[in-house]
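**Q** One structure, as structure tokens, below. Some questions next.
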């Protein structure tokens with residue numbers, strides 16, 4: 001069988017498929033899980049199978065990347081309007097040594113999939129506005145939630161959309177309506193990641209440069225923080 005990844009079945013670790021790549025490519029991992037599902041039932045989980053209970057995957061992928069190995073699982077999410085959506089979950093087997101930049105503007109976000117059995121994913125966003133960078137930190141990888149943090153729209157477009165939504169949701173005619181809407185908009189804009197910013201993702205001390213140019217995210221292992229910008 002010719003597959004996206006050459007793979008082996010790990011005997012010391014039950015239900016584990018060993019693969020290797022230089023990057024964490026969500027689209028490639030999702031396609032691989034779909035490809036091998038005929039031979040390995042449960043190659044990906046279904047987060048909404050059988051109502052709200054969900055089905056965990058039967059197989060885990062052990063992905064060997066440069067300098068680190070990751071345990072990867074793929075889930076099919078609740079679909080809207082008949083569209084398929086997947087996410088790739090991952091954790092490193094051992095911690096790395098990269099730290100996030102100090103002195104950055106900090107924001108903590110708890111994100112969750114709609115109608116999901118998957119855990120909330122806490123993200124810490126470190127904005128380095130002067131160098132147009134954002135460092136996103138989390139204990140594990142969830143590619144769909146990570147992608148949800150980013151947008152391709154301009155700051156002006158996003159601000160206008162937030163303001164319009166805030167006004168529609170206001171059911172009271174307060175004298176200070178404009179101030180209330182402005183405060184809500186400012187709060188939402190604090191998490192806005194400009195499309196021009198470079199994005200880095202740090203998971204358990206492992207740093208990646210985030211390529212968001214495609215339909216799914218690609219995480220490229222990055223050099224240690226002390227070498228960045230030199």
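The values are calculated or read from the model by the stated rules, or taken from the named source; none is laboratory data. The structure displayed is predicted, hence computed values, not measured ones. We place every Cβ from the backbone using ideal geometry, glycine too, and count neighbours over all the protein chains shown.
**Q** Residue 78 - would you say it is within 17 Å of the chain's Cα centre (by Cα), part of a loop (DSSP other than H, G, I, E, B) and under 17 Å from residue 142 (Cα atoms)? Lay out the reasoning, then the answer.
**A** Details: within 17 Å of the chain's Cα centre (by Cα): yes; part of a loop (DSSP other than H, G, I, E, B): yes; under 17 Å from residue 142 (Cα atoms): yes.
Yes: the conditions hold for residue 78.
**Q** Pairs needed: first member in segment 11-36, more than 24 Å from residue 67 (Cβ to Cβ) and not assigned by TED's automatic domain parsing to the domain that holds residue 75; second member anywhere, surrounded by fewer than 16 Cβ atoms within 10 Å (Cβ to Cβ) and modelled with pLDDT of 95 or more; C-beta distance under 6 Å; at least 6 residues apart or different chains.
**A** From segment 11-36, no pairs qualify.
**Q** Give me the pairs, please: first residue somewhere in segment 51-68 and closer than 15 Å to residue 20 by Cβ, second residue anywhere and at pLDDT below 85 and surrounded by 13 or more Cβ atoms within 10 Å (Cβ to Cβ), beta-carbon distance under 9 Å, and either six or more positions apart or on two chains.
**A** Note: pairs meeting the criteria are 62/10.
**Q** Considering each residue of segment 127-154, count those that are touching a strand residue (DSSP E or B) at 6+ places or on another chain (Cβ under 7 Å) and without any contact (Cβ under 8 Å) to a residue 12 or more places away in the chain, and give that number.
**A** Summing the residues that are touching a strand residue (DSSP E or B) at 6+ places or on another chain (Cβ under 7 Å) and without any contact (Cβ under 8 Å) to a residue 12 or more places away in the chain in segment 127-154 gives 0.
**Q** Now for a different question. Somewhere in segment 50-58, is a residue under 28 Å from residue 12 (Cα atoms), buried (at least 16 other Cβ atoms within 10 Å of the Cβ) and touching a helix residue (DSSP H, G or I) at 6+ places or on another chain (Cβ under 6 Å)?
**A** no
**Q** Let me ask you something else. For segment 87-103, give me the residue count where each residue is buried (at least 18 other Cβ atoms within 10 Å of the Cβ) and either at pLDDT below 95 or assigned to a loop (DSSP other than H, G, I, E, B) (or both). Before you say what the answer is, go through the steps one by one.
**A** Restricting attention to segment 87-103, the residues satisfying the condition of being buried (at least 18 other Cβ atoms within 10 Å of the Cβ) are 87-90, 92, 98, 100.
Subset that is either at pLDDT below 95 or assigned to a loop (DSSP other than H, G, I, E, B) (or both): 98, 100.
Result for segment 87-103: 2.
**Q** Now, a different point. Name the single residue that is surrounded by the most Cβ atoms within 10 Å (Cβ to Cβ) among those in segment 105-126 being in a strand (DSSP E or B) and in contact (Cβ under 8 Å) with a residue 60 or more places away in the chain. Write out each step before concluding.
**A** Let us first name the residues in segment 105-126 that are in a strand (DSSP E or B), namely 105-111, 121-126.
Those still in the list that are in contact (Cβ under 8 Å) with a residue 60 or more places away in the chain too: 107, 109, 125.
Values: 107: 14, 109: 15, 125: 21.
My answer is 125.
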